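The values are calculated or read from the model by the stated rules, or taken from the named source; none is laboratory data. As the structure is a computational prediction, the values presented were derived from the model and not from experiment. Virtual Cβ from ideal backbone geometry, glycine too; neighbours counted across all protein chains shown. For accessibility, only protein heavy atoms count, side chains too; no ligands or nucleic acids. Shrake-Rupley method; radii C 1.70, N 1.55, O 1.52, S 1.80 Å.
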Amino acid sequence: MTHEREHAQVRQTWFTELLTTALKDLAHAERVITAFAAQEPDGFIAWGMAEGEATQAHRALRRAPSLQATAPTDHDTANATADALFNLASKVSQSLVRAAELASDPDDKMACLQAALHAGLLREALR
């Protein structure tokens, strides 16, 4: 019984870390894309799809019942690039699929999968 409990605890810890990191990354992507859009004359046209998907991914993940974190405010947008955002969206999407596999709560699983879908769409919008 102890081995099963330890396994469940490790699984829950990994799940929580994946969710927290993905939430922070999505919040960062959302802020950076919004900043990019605001800097260009037609920025909201050029960045609108990406901004929408980042926002949708972030909102979807925040619906996960197991997630207690708040959106971070410690990232600096000055060094971000579209390539970095593309890589970030790819990483977040993969992490969310892994988190969905680990989730025991169906609502957590659904939030992760919906956020992964939007992170994937964000990635495509950044191509």
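Computed values, structure above
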{"item": "Flag for L85 being at pLDDT below 90, within 12 Å of the chain's Cα centre (by Cα) and part of a helix (DSSP H, G or I)", "result": "yes"}
{"item": "Some residue of the stretch 81-97 being under 15 Å from W14 (Cα atoms), touching a residue at least 60 places away in the same chain (Cβ under 8 Å) and among the aliphatic types (A, V, I, L, M)", "result": "yes"}
{"item": "Some residue of the stretch 63-70 being under 10 Å from the mean Cα position of the chain (by Cα), at pLDDT 90 or above and crowded, with 17+ Cβ neighbours inside 10 Å", "result": "no"}
{"item": "Hits in the stretch 1-51 (condition: surrounded by fewer than 16 Cβ atoms within 10 Å (Cβ to Cβ), touching a residue at least 24 places away in the same chain (Cβ under 8 Å) and within 19 Å of A125 (Cα to Cα))", "result": "A35, M49"}
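So that you can scan it fast, the table gives a plain yes or no per residue for (1) β-branched (V, I, T); (2) open to solvent by less than 20 Å² (accessible area, probe 1.4 Å); (3) modelled with pLDDT of 90 or more; (4) more than 13 Å from R31 (Cα to Cα):
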| site | (1), (2), (3), (4) |
| --- | --- |
| N79 | no, no, no, no |
| S93 | no, no, yes, yes |
| V97 | yes, no, yes, yes |
| A100 | no, yes, yes, yes |
| D105 | no, no, yes, yes |
| M110 | no, no, yes, yes |
